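Down below is the structure, laid out as structure tokens.
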Amino acid sequence: MVGYLARRLAWAVVLLLGISLAVFLVVHLSGDPTALYVGPEGTRADYEIVRAALGFDRPLPEQYGRFLVRAVQGDFGRSLRHQQPTLPLVLERLPATLKLAAVAMALAVALALPLGILSALRRNSVLDTVAMTLALTGQCMPTFWLGILLILVFAVQLRWVPVYGGEGAAALALPALTLGVWAMARTARITRSSMLEVLHADFLRTARAKGISEWGVVLRHALRNGAIPIVTAIGLELGNLLGGAVITEAVFAYPGIGRLAVEAVVNKDVPLLQAVVFTVAASLILLNAAIDVVYMALDPRVRLA
Amino acid sequence: MPRGRRTRALLGSPGAGLGLMAVALVAVCALSPGILAPADPNEQRLLARFTPPTTRTAEGDLALLGTDQLGRDILSRVIHGARTSVLIGVSVVLLAGSVGTSLGLTAGIRGGMADHLIMRLADMQFAFPFILLAITVIGVFGPSIRNIILVVGLSTWATYARVVRAETLAVRERAYVDAARSLGMSVPRIVVRHILPNVSASLIVVATFGVAGAILTEAGLSFLGLGVPLSIPSWGGMLAEGRQFVDTRYWLALSPGVALFVTVMAINLIGDALRDALDPYLQTRATVDRF
Amino acid sequence: MRWIVLAALALVVVGVGAAQAQPKPVVVVQSGEAATLDWHMHCDKNAHEPDRQIFDTLLRRDLKTLKLEGNLAESWRLLNETTWQFKLRRGIKFHNGEPLDAAAVKFSIERMLNPKQGAPGRTSIATIERADIVDAMTVNVVTSKPFPLLPVRMSPGHCGTVGIVPPKYIEQVGDAGFAVKPVGSGPYRFVEWVKDERLVLEANRDYHRGAPAIERLVFRPVPELTTRVAALLSGQADLVSDIPPDQVAKIKASGVARAEVSTLGGFVIMVKMTNHLMPGPWQDARVRRAINYAIDMDTIIKTVLEGHGQVLGVPLEREAFGFNPAMKWWGYDPERARALLREAGYANGFEMTLHAPNRRYMNDIEVMQAMAAMLGKVGIKATVQVWEQSVYTTKWRKRELLPAYMVAWGGAGIFDGDLLVNSLHSKSALAIHKNEALDKVLEDAQGTNDPEKRRALYGKAQEMIFEDAPIVKAYQQAHIFGISNRLDWKPWIDNMLFLYDARLK
């Protein structure tokens, strides 16, 4: 276990290095961002002053080297636009995004599991058809479109929730629903098919033969055995959720890391972008490691390699 | 499953039947938009902006689905938009599929260090919300169909690689590959003769969902202002441009929205049916990247 | 599983209850968020809007006559060709109690001038050499050569203007602290700033012109336009700027908000063409004039902008000093355009790219597409290339948007012919056209304090621009604001949000 986690950590470092180099190269391939930080009336000389002040006059390998040396010490430099250390800027927004993603995921799982299980139990019933059509519909809508429609209906017409902001659940209801729909649809469908597969397995026939009630069979035996693919799917959705947050946060003016990311890209704020990318990748690596642990708990046969 | 039963299973599902019809219609639009579209999709008639559907414009032409903010014919733009969506969807899948398949095969056949490296690369892709990279790359290099295909394609190959690798490992363990090897067959021949036919079913299913995912991704990029250039009609672009009119001039976004929705739904239905018919064990592995 | 669903539903219900809060502050919704609130350190509309409430300037403009008048300074005069004297009003304090005196003014001006400070607006005031303290309430500003624009630079504008900042406070908290917790002497004082969520200001009871009527102001960044409008219509927002014309009818019909248009001093938008950076037909002035005659800007404004604009010709606000209202600019005359193209040897037309920004100005992409279609009618095959904001800015700096690109100037309350320097002098950062005779005239106008000489020179410049056609005829864009019905406020210029005189009905 410890060895496994250590290896995993080593790979994570390699992965982060690769990602940071990719971001660095992509931004610099189109020329340095100096132009964005000189006033509109600035002259050529002003341009050179700013360029030197931001360090963009140094050769690229040197710039990247400096970045790495500082990053190892936990310093991701100062944001070009905010003129402040980047890591705090990112970390103060990270909880909001994690909260949004967690609520979206909880909402998705809370709705998807019962729907999927019921659909599997009542295969080809009206309920099954309706549930699976809904799930499919959720998968066919662009995120931004769903978000805008939800705002127009629930915030402008019905005024049940605010367009943005608000306290507690009101602030999260629409964005979490928007972000969670895709995960909900996928999880519902996977739960259904995974349950269908298990429900016909021999050990369940034995259980039924022993006189255990159908719900008992489902909850105690089938769900446990069908859980692994479901957990896998949820793990895969995490990356999608954090990615989807970029659009959801823009639509709902939600103060999270996705908006910061877009802002960093738009302003070619390389240090800020590096910090965002690092934080997101690191959170995902941690979450995925956590999921592996859940795996082991679910099924002792799963060996971590 | 014997081929005859597969076909019947595929066609027997009502969803798949409808899906096939819808996809056929989109394909016809994509192949010959010029013949079907009543007007040039980029022709502007500023004095006939915002003509509602089924009414005549100020100039007397009938605009079946209405005109947009520059007086362009929406029906023509939706028909031409099919070409963009199909082009992006198919190219992305071809790119991601060929990269993913080659890497997956290499990993599966070679094993060892190559396997390890490739699978960690795949992990890296899964572990990272590619939209961050996509907005960076497209923001920097400018939005074009080529850049979108490259970015989306190169960020979705990992699914293919995983599927192909898993299948390759399974096939490799089967006796006949060993037999082939002992008969002195070269590795490429083993791949072509024995492994590819066995993974093709899984690949087709993954690819089907990949097309749907790519079409949705293009729409998301359009929302961020990073979609295909405006001179090329695309559903995502029309939907993004029409979003501010959704409650005042609904028709700007309605038609491309319906086209996109129906197409993605149709592809998903076909994908489901294919999966049920070809490879019932794949369902938990296929994933469509999208945002 | 059921309890999870129930819990989720309960949370939603509780949340809805909590959303109904007490009396609301006035909420201004912006398209983006400020990176810093240090007036000297940005060129950002989203930062200027709150900063204009927090900070104050030596002079201000009468919103009706556009004349400059005293503000923090009660009077000012030209002592000699290169020295301006400002006499400060007594008893004014910064929000932290620090006195606003000659030392604060000297500090503010020299802070912006200091190259190490890296103020992006430095170039605009670089003619200033230093500020001298004469006595506690008197400052002399010394320039290296005549600087007719100096009073304008001491009044509220964009990043090239000097906001007065508190020296002791800055010394105490440092630049980084000042950027996130500013102290000024304006009508509202800073309360708190939750990044990406809200920036809260409250009325400054001791404001030298009297306390403002509104108790609390909240600035809120909302990147998506449909969401901003939805917020206005649902009663969550009181003020939304940059409303596209197609949203006006909806807002008017809502019964909760209204749309108001400011036609004063809006953006002056032009398409610049190069005559030396890229070979091609556009190097010929006849071709550039032909392009002007080919474009029916009136129709574009009537349709694409739904009437929210006015054709100017020269890239200068109508209200600007030196604007010649008697000039006749290129009309819409496709026949003449074709004739000019034939004369220049391009009877069969040619291809050219027009570079456009992505939603920087009102319906900018549509305007460019409409222009391209009109050029097509005289045989010029024009394609519109749209760039994402940051790339666009980078490329125009590097003069890579060739042969033609759209850009706006003005909208910053400068109201002076000097704007032509920024848009057309060949040494200006954004110029892609070179006309040395025009450069000379513009430099001469910068070098004298005599208004009549300057007016004559700007008149001459306009005639040269008409001959040379370095731009496609400019138009001035009006700005539309969505305002909630409970807020009593009239817009002035888009970039110049003054909320001092706003009140609740």
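The numbers here are math on the coordinates, done by the rules we state, and not lab data. From a predicted model like this one, the values you see are computed outputs, not experimental measurements. All Cβ positions, glycine included, derive from the backbone under ideal geometry; neighbour counts span all protein chains shown.
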Within the protein assembly as shown: Cβ-based charge dipole about Cα centre, in debye rounded to nearest 20 (Lys, Arg +1; Asp, Glu -1): 2560
For the pair B:E43 and A:T137, how long in nm is the line joining their label points, each one 7 Å along Cα→Cβ? 3.8
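Checking the a/c ratio against 1.5 first, then a/b against b/c, what shape does the Cα gyration tensor give for chain C?
oblate
Under the definition of Cα pairs under 8 Å and six or more residues apart, what whole-number percent is the relative contact order of chain C?
19
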Cys in the protein assembly as shown lacking any partner Cβ under 4.7 Å -> A:C140, B:C29
What does the charge dipole of chain A about its Cα centre add up to, to the nearest 20 debye, if the Cβ of each Lys and Arg holds +1 and the Cβ of each Asp and Glu holds -1? 1040
Dipole of chain C, positive end: most advanced residue of C:I414, C:G447, C:G307 [Cβ charges, Cα centre]: C:G307
Report the residue, chosen from A:A155, A:A135, A:A188, that carries the largest GNM mean-square fluctuation when chain A is represented by alpha-carbon nodes joined by springs under 10 Å. A:A155
What dipole magnitude, in Debye to the nearest 20, does region A:81-207 give about its Cα centre under +1 on Lys/Arg Cβ and -1 on Asp/Glu Cβ? 100
Treat each spin label as a single point 7 Å out from the Cα along the C-beta direction, and report the B:S102 to B:Y250 distance in nm. 4.9
Would you be so kind as to identify which of B:S85, B:L105, B:W157 lies farthest towards the positive end of the dipole of region B:81-212, taking Lys and Arg as +1 and Asp and Glu as -1 on Cβ and the Cα centre as origin? B:L105
Test of the criteria: in region A:203-305, which trypsin sites (Lys or Arg not before Pro) are in a DSSP loop and have at most 15 other Cβ atoms within 10 angstrom of their Cβ? A:K210, A:R301, A:R303
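Of all DSSP beta bridges in the protein assembly as shown, what percent run antiparallel (nearest 5)? Walk me through the numbers on the way to the answer.
Working: 61 of 79 bridges.
The antiparallel proportion sits near 75 percent.
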Using r as the Cβ-Cβ distance of B:D178 and C:R455, and R0 as 56 Å, what FRET efficiency do you calculate, to the nearest 0.05? 0.05
Determine the gain in length on full extension of the stretch C:D62-C:A249; use 0.36 nm per residue of separation and subtract their C-alpha separation, reporting nm with one decimal. 64.2 nm
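For the protein assembly as shown, what does the helix formula give at 222 nm: sum of -39500 (n - 2.57) over DSSP H segments with n ≥ 4, over the residue count, nearest 500 deg cm²/dmol? Could the numbers behind the result be given before it?
On the way: 39 runs with 576 residues, N = 1101.
That comes out to -17000 deg cm²/dmol.
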Quick check on chain C: of the DSSP beta bridges with both residues there, what percent are antiparallel, nearest 5%? 75
Quote the FRET efficiency, to the nearest 0.05, computed for B:L25 versus C:S31 with a Förster distance R0 of 51 Å and r equal to the Cβ-Cβ distance. 0.80
For region C:329-420, what is the relative contact order in percent, using Cα pairs closer than 8 Å and at least 6 residues apart in sequence? 31
Distance in nm between pseudo-label sites at C:R90 and C:K168 (7 Å out along the Cβ direction from Cα): 2.0
Give the separation of the Cα centroids, region A:199-258 to region B:60-79, in Å. 45
Too long at a 28 Å Cα-Cα cut-off: which of C:K250/C:K377; C:K64/C:K181; C:K64/C:K145; C:K45/C:K272; C:K145/C:K440; C:K395/C:K434? C:K250/C:K377; C:K64/C:K181; C:K64/C:K145
Pick from A:V265, A:V26, A:V103 the residue whose mean-square fluctuation is largest in a GNM of chain A, springs joining Cα atoms under 10 Å. A:V26
Which whole-angstrom value gives the distance between the alpha carbon centres of region C:382-417 and region C:312-362? 16
Positive-end extreme of charge dipole, chain B - chosen from B:A114, B:L65, B:A134 (charges on Cβ): B:A114
